[in-house]
Every structure is written in structure tokens, then in C-alpha cells.
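J.: Please see the structure below; I have some questions.
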Amino acid sequence: MTLRVTGDITSAEDRAVHDEGSGSSDDLRCRLCGGALQAETLLTIERAPQGAQAFLTSEQLSADGPITLDIRQCPDCGLVQACSPPVPNWQHVIRSRGYSPAMSELRRRQVRHFLENYPSGGRRVIEAGCGRGDLLEILRDCGATPFGLEASLAAVLAGRERGLSIEHGYPASGRAIHGGPFDAFVTSNVIEHAVDPRDFLRGLRQNLRSQAVGMVEVPSFERMLEQRRSFDFIADHLSYFTVDTLRLALEMAGFEVLEVSREWWVDDIVAFVRVRPLADWVGAQQELDAAVADIREFIDGHARDGRSVAVWGASHQALTLLALAQCEHVAYVIDSAPFKQGFFTPATHLPVVAPAHVALDPPAAILVMAAGYSDEVVHSLRDGMRYRGVIGVLRGNRVELVDGLEAGAT
Ligand SMILES: [Zn+2]
């Protein structure tokens, strides 16, 4: 994968990170899963301010007016969301002031909990949407090596003046974050502003190491429901997450959720996550090659005196293995399912016959590839049909010989 590097602050203007779609053309599609939003609104607020940070100069007053906030839910994933276009500078993290002493202490406890309980094997932590870097300072105080990513140039410059390492940018799929890959990430009260929260999270994940962990915070929609606070809907927040929809968003972006709760802050949900490991198929090709080689050896080794070998089992596994083995000495495939009998196998074009065919045209050996039925098949061959030739059974990726007479004794 090729990752584009975020614009350097010396050449980039704020608008460089504003080139994403406004979302206005897809207003009725879910921001998270892409499903169709419910036709009815949950709530319509006719006279909402254009944004919580949209304070105006006297010259701007004549152009300003209220907007309509249209809140809908996605029936597929459950996410409650605003269908209105995002506010200007929706990527900027704007916090009116730094942490109070009491809040700083709580934050320190939370960051220590994160770093101590979810070790990632490294100390490099990226905060996406770091604003001026209040949380970066706490991360640094707690022993991490913090890096910030922030879309507001003014906030980037202010944070750098405090001696913090902050890049100007915004996470997106395929976009490299300078300084990555990182061992951990934090994002606090940011993804509810994102036009595409899944792309934000996916973009972060692509800049993490394979064992990386993360801490994600969003305002709790449960809290709004509990208090029936309809006036909490604001144009700045496009998504209203619950514990369930936050978990889903994180999982859809490639994370395992290790812990998610409202225990840290009553108004917010906090999730601790880890990059989801990919399925372990290391060695799978060699194991497949070994199975095919064993099958070939059994079939070629037991076909003799003009007599071929039969295979018992026309399952999809047996069909694949036969196609890979490409053996010339297979006479036919036995299968007890009548709907397969009388036809030919795909790819290898072998006739599929009923078990009674063994007595009519006894093969030099039989390879049983019938998974959980294999022992039953061997029993029926030996005791029911009195077959005395060599029998091999595919168990796992190996052909095992069943005790019996050598080929030719039938
Ligand atoms: Zn959805």
C-alpha cells in the first residue's frame, strides 16, 4: 500500500486538509456503514445555531441565520447522526481552554490506566485531533513519547510553541502520518465531528504497528437519552455514539475492543482497543503442498498392473485436492450421495459412482477423503463390502494407511 504523506506545515494552508467531501450529496446514507437512513427523522430542530464555535464579527451578522438540524438513525448499524452538512473547519479540534487542575488529575489517572493496562511494546503515541496539545503534555508526563496530528494550523503552531511534536493534518485511508508507525493512539472527542468516522479510524490504524493499542473517547448518546436533552444536538456533532455503535465503528475499522464503558466520565464513552490481528495463515501453502504430495504419492504408488486407484468422497475438499494432485491413475470417485452419482467431477472429469461399483470394478487401492465419515467408510469397505485392497485415509494434511492386505489381494 502506498501512503500519501500529510502536507508539511511550511507549504500547506489549512484548506489543504479540507479537501474531503462535505457529505452533503450523501445526506441520507449512513456515515458509518453506508446503509440507507430511516426516512423519518428522530428529531428536527428548526432553529439551530450554525455551529457551537461560529461566533461572529459585526460584519458577519447579516449573513448569519439559524439552520435546521435533521437527526436520523441508521436501521442497519444503529448510529444516530445529523444529516446536515458539516460545519466549516469540522476537522479542527477547538477547545475553549486547557484542563482545570481537577480535570488534569483525572486525565493523568486515565492515561496511566491506558499505558499500564494495555502495553503495546513501545512508547510512541499519536493523538489524532490533539488541538494545542493538552493531552500530549499529560502523555509525556506519564512516560510516553507523544506525537500530535491536528488540522487547525493555529493550534499546531500553538502546540509547537509549547515544545510539542505536532503535524498538520487529518487521518484518512491511505494517508501516511509523519513519524509513524506508532505503538499507540489516542483520540478524544474528535470522531463525532468526522464526516466519515470509519475512514478516520481506518486511516489511524494504517499508521500503527501490528500490536498497537488505542484509547477513543466520544460523548455518550446514552447520557442524552437518559436526560432527554434534545438541546445537546449541535451542528458540530455529526455522529451520536452509544457504547454499542462506538464498538461497532471501531470493529468496522479493524480494531478489537478490549474495554468500552462510561465509567471514566459520565458524559463520555471511553473505549480501549487493539489492532485486530489478521488470520494466521503462515505455513498454509506448505501444508497444502504436503497434503497434495501425500495424495499423489499414495495414488501413484498404489496404481499397478493396469489397475487404478479409487477415491471415496466427492466433497468440495476432495474435489480441490484431486484437482491440485492432477493424478492420472484415478479410476473413479465413490460417493454415497445419489444426486452426485452418474455425473463427472469438476476440473478432473472423473466419473462419480455409487459404493456398489467397488465390487464391479475393484480398484488397486482406495483413498478415503470423507472427513468426519472416513472411519465409517473404512468400516463399510472392510466389513460390509469385504474390500481387501489398500486403504488410505486423509487425516488433516496427511494420508495414513489403514492396516490391511496389499493391493491386488481382492
Ligand atoms: Zn449505518
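J.: Can you name the residue in segment 67-85 that is hydrophobic (A, V, I, L, M, F, W, C) and touching a residue at least 60 places away in the same chain (Cβ under 8 Å) and is also nearest to the ligand (Cβ to nearest atom) among such residues? Walk me through it before giving the result.
T.: Of all residues in segment 67-85, those hydrophobic (A, V, I, L, M, F, W, C) come to 67, 69, 71, 74, 77, 79-80, 82-83.
Narrowing further to those that are touching a residue at least 60 places away in the same chain (Cβ under 8 Å): 67, 69, 71, 77, 79-80, 82.
On the way: 67: 23, 69: 19, 71: 14, 77: 3, 79: 5, 80: 10, 82: 14 Å.
For segment 67-85, the residue satisfying everything is 77.
J.: Looking only at strands (runs of 3 or more DSSP E) that lie completely in segment 295-410, which have at least 1 residues being of a type in the set (Lys, Arg)? Don't jump to the end; show me each part of the working.
T.: Numbers: elements: 309-312, 330-334, 365-368, 390-395, 398-402.
Ranges flagged: 390-395, 398-402.
J.: For residue 142, only one of the following conditions fails: (1) on the phi < 0 side of the Ramachandran plot; (2) within 28 Å of the chain's Cα centre (by Cα). What is its number?
T.: In the conditions (1) on the phi < 0 side of the Ramachandran plot; (2) within 28 Å of the chain's Cα centre (by Cα), residue 142 misses (2) alone.
J.: Could I ask something else about it? Determine which single condition residue 135 fails, assuming it passes every other condition in (1) buried (at least 20 other Cβ atoms within 10 Å of the Cβ); (2) within 16 Å of the ligand (Cβ to nearest atom).
T.: Result: residue 135 passes all but (2).
Rundown of residues vs (1) modelled with pLDDT of 90 or more; (2) farther than 30 Å from residue 274 by Cβ; (3) assigned by TED's automatic domain parsing to the domain that holds residue 236; (4) crowded, with 16+ Cβ neighbours inside 10 Å, yes/no style:
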{"position": "48", "(1), (2), (3), (4)": "no, yes, yes, yes"}
{"position": "65", "(1), (2), (3), (4)": "no, yes, yes, no"}
{"position": "71", "(1), (2), (3), (4)": "yes, yes, yes, yes"}
{"position": "79", "(1), (2), (3), (4)": "yes, no, yes, yes"}
{"position": "87", "(1), (2), (3), (4)": "no, yes, yes, yes"}
{"position": "97", "(1), (2), (3), (4)": "no, yes, yes, no"}
{"position": "107", "(1), (2), (3), (4)": "yes, no, yes, yes"}
{"position": "120", "(1), (2), (3), (4)": "yes, no, yes, yes"}
{"position": "124", "(1), (2), (3), (4)": "yes, no, yes, yes"}
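J.: Given the condition free of Cβ contacts under 8 Å to residues at least 12 places away in the same chain and not charged (D, E, K, R), answer yes or no: does some residue in segment 163-178 qualify?
T.: Checked segment 163-178: at least one residue is free of Cβ contacts under 8 Å to residues at least 12 places away in the same chain and not charged (D, E, K, R).
J.: Shifting gears a bit: If I filter segment 11-31 for residues that are touching a Phe, Trp or Tyr at 6+ places or on another chain (Cβ under 7 Å) and modelled with pLDDT of 90 or more, do I get at least one hit?
T.: No, that holds for no residue.
J.: A further question on this structure: So which residues in segment 184-236 are hydroxyl-bearing (Ser, Thr, Tyr), modelled with pLDDT of 95 or more and not in a strand (DSSP E or B), if there are any at all?
T.: 220
J.: Among 261, 230, which is the only one that is assigned by TED's automatic domain parsing to the domain that holds residue 111, under 20 Å from residue 37 (Cβ atoms) and either surrounded by fewer than 16 Cβ atoms within 10 Å (Cβ to Cβ) or among the acidic types (Asp, Glu) (or both)?
T.: 230
J.: Now a separate question. Within segment 125-132, is there a residue that is away from the ligand (no atom under 16 Å from the Cβ) and at positive phi?
T.: Taking every residue of segment 125-132 in turn, at least one turns out to be away from the ligand (no atom under 16 Å from the Cβ) and at positive phi.
J.: Just checking, how many residues over segment 86-129 are touching a residue at least 60 places away in the same chain (Cβ under 8 Å) and among the basic types (Lys, Arg)?
T.: 2
J.: On the basis of being part of a strand (DSSP E or B), surrounded by 16 or more Cβ atoms within 10 Å (Cβ to Cβ) and hydrophobic (A, V, I, L, M, F, W, C), does residue 172 make the cut?
T.: no
J.: With respect to the numbered conditions (1) over 29 Å from residue 112 (Cβ atoms); (2) of a type outside the set (D, E, K, R); (3) within 14 Å of the chain's Cα centre (by Cα), which one is the sole condition not fulfilled by residue 257?
T.: For residue 257, the failing item is (1).
The values are calculated or read from the model by the stated rules, or taken from the named source; none is laboratory data. Everything numeric here is computed off the predicted structure, so don't read it as measured data. Quick reminder, even Gly has a Cβ in these numbers, built from the backbone with ideal geometry, and neighbours come from all protein chains shown.
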